[in-house]
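The values are calculated or read from the model by the stated rules, or taken from the named source; none is laboratory data. Just so it is clear, the structure is predicted and the values come from calculations on it, not from any experiment. Using ideal geometry, Cβ is built from the backbone for each residue, glycine included, and neighbour counts are taken over all protein chains shown. Ligands, DNA and RNA are stripped out before the accessible areas are found, and what is left, the full protein with its side chains, is counted by its heavy atoms. Shrake-Rupley method; radii C 1.70, N 1.55, O 1.52, S 1.80 Å.
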Amino acid sequence: MLIEIAETHPPGYGKKVATVIAKGGDKFEIWPEKLADLRIGERYDVDVAEREYQGRKIHKITKATPANGAAKPNGHAPAATTADGEPEFVATVLAALIMKGEVANNKRQLFDATQMLRGLWGATFGGQQGNGGTA
C-alpha cells in the first residue's frame, strides 16, 4: 500500500504505539522505533496488518519502505551529517538531562527524551515542525 504521511504522533502517556495519519485521513498504528524513520510529506510503501478491537478495524504498519525504493542500510535511518548539528545538540542536552537526574537511564525515558529533543531541534533550528514536516 502506498501512503503519503500527513501527520505523526508519538505514543500518548501510558500507551505503547504511535500513530501515523496518511494524506486522505487513513490512520495507522506503528511501533515508536519505526516511527523515527518516517518523515511527514514523504511517500512510503507500507505493509499493514489488520486486527479488530471493540468492533473497529485497527491498521498497523509493520514495514515501511521509501516510495522511491531507496533502501536504508541495516533498516535504519541514514546517518545525519555533522553539518546540521542535530546529533551534537541531542547528545549534549540529553547528557545534561541525565546528569541533572531529569531523565533516568532506561530505554523508555531515553527514547522519549531523544524524540522530544529531535523535535525541538527541528522546530527551532532545522526549520521543521513535528516529526519531519516543514514549519
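Quick notes
- The residue that is modelled with the lowest pLDDT, counting only those in segment 98-121 that are in a loop (DSSP other than H, G, I, E, B) and either polar (S, T, N, Q) or farther than 26 Å from I40 by Cβ (or both), is N105.
- Any chance K63 is at pLDDT 85 or above, surrounded by fewer than 10 Cβ atoms within 10 Å (Cβ to Cβ) and not β-branched (V, I, T): no
- Residues that are more than 21 Å from L120 (Cβ to Cβ) and open to solvent by less than 50 Å² (accessible area, probe 1.4 Å), drawn from segment 1-19: I3, A6, V17
- Candidates N74, N131 - the one that is under 14 Å from the mean Cα position of the chain (by Cα) and at pLDDT below 85: N131
- Test: residue in segment 8-16 that is under 18 Å from the mean Cα position of the chain (by Cα), modelled with pLDDT of 90 or more and not polar (S, T, N, Q): no
- Any hit, segment 22-33, residues being in contact with a Lys or Arg (Cβ under 9 Å, 6 or more places away or on another chain), at pLDDT below 90 and either open to solvent by less than 90 Å² (accessible area, probe 1.4 Å) or assigned to a helix (DSSP H, G or I) (or both): yes
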